[in-house]
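The values are calculated or read from the model by the stated rules, or taken from the named source; none is laboratory data. The shown structure was predicted, so the numbers you read here are calculated from the model rather than taken from an experiment. Every residue, glycine among them, receives a Cβ derived from its backbone with ideal geometry; neighbour counts consider all protein chains shown. Accessible surface is based on the protein model in full, side chains and every heavy atom, while ligands, DNA and RNA are left aside. Shrake-Rupley method; radii C 1.70, N 1.55, O 1.52, S 1.80 Å.
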Amino acid sequence: MVVVTEEHAGPELAPTSAVPAEPSPAGPSPAEPSPAGPSSAEPSAGRRLSADERRRQLFDVALCLFAERGFESTTMEEIAEAAGVTKPLVYQHFASKRALYLELVDSVAEDLLSSIGAATAAAPSPRAQVEDGFAAYFAMVVAHETAFRLLYARSSPADVEASNALRRVEDAIAEAIEPLIAAGLAPEHRRFLAYAVVGMAEGACRHWIETRPTRPRDPGGRDGGSDGGRDDGRDGERGRQEAQRLARRLADLAWAGLRAVHAD
């Protein structure tokens, strides 16, 4: 009978060499307009955003648009318009649409891998590793739904680099899961099962996202206050409970299956 090991060491995503170094403006551009639209999400009325604040705002706006429309259907003009700035200002922070998209994918993946790795490392038993790993996964799904829509869109980008970035996320999660599967199996067998677990979690995630009631968007374009890591009292608690419920369901299935696996 195959069980799950106690040790875990999550891999790091390979750096995306295609992404050029991002410019680091010392301050807001003197030509930058003062956005007046409701989607600009300025921290306070009448104050210009700092360079770091502007970059973070553009990052968030682009995440929402890419998740909703996909890579091909989103333009830098639309990102600029949604942020209430000019297109040249967007290019001050991100060299291209592809560079912005790749940075978003890597950022989401790194957060996910870090969360799963921390949860499984702290688990007191193999069974707890399985459930805690799924709990960390679904906690991010519930709290950052827009980010998961970016990763798990039904259609992959036609752009080769963008599509490869999404595949690297799948590879990295499988590499993080593989060490949790007992060492009594051949390496290829362990890797096969790791990808099976990834597919199971991805499918369940897509189903949950596509069938849950649609939540209203805030003026900044985020989903119902759950995205961006905000924790809104009762909504935050309900989200944690939902993540635990989903994790238990999938962990029961995965644990029963892993315990029944034998070497070829």
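Assorted remarks:
- Flag for Leu180 being of a type in the set (A, V, I, L, M, F, W, C), under 27 Å from Thr211 (Cβ atoms) and either open to solvent by 10 Å² or more (accessible area, probe 1.4 Å) or in contact with a Lys or Arg (Cβ under 7 Å, 6 or more places away or on another chain) (or both): no
- Test: residue in the range 149-161 that is open to solvent by 50 Å² or more (accessible area, probe 1.4 Å), in a loop (DSSP other than H, G, I, E, B) and modelled with pLDDT of 90 or more: no
- Close pairs from the range 126-138: first more than 12 Å from Val197 (Cα to Cα) and open to solvent by 30 Å² or more (accessible area, probe 1.4 Å), partner part of a helix (DSSP H, G or I) and of a type in the set (Val, Ile, Thr), Cβ under 9 Å, at least 6 apart: Asp132/Ile116; Asp132/Thr120
- In the condition set (1) modelled with pLDDT under 85; (2) open to solvent by 30 Å² or more (accessible area, probe 1.4 Å); (3) of a type in the set (A, V, I, L, M, F, W, C); (4) touching a Leu at 6+ places or on another chain (Cβ under 8 Å), Ala260 is compliant with all but (4).
- Within the range 70-81, the only residue that satisfies the criterion of being surrounded by 21 or more Cβ atoms within 10 Å (Cβ to Cβ) and modelled with pLDDT of 95 or more is Ile79.
- Here Tyr91 fulfils each of the conditions (1) part of a helix (DSSP H, G or I); (2) within 20 Å of Ile209 (Cα to Cα) apart from (2).
- Among the conditions (1) out of contact with any strand residue (DSSP E or B) (no Cβ under 9 Å at 6 or more places or on another chain); (2) of a type outside the set (Lys, Arg); (3) closer than 27 Å to Leu49 by Cα, Thr146 misses just one, which is (1).
- Check on Ala67, farther than 30 Å from Pro179 by Cβ and surrounded by 22 or more Cβ atoms within 10 Å (Cβ to Cβ): yes
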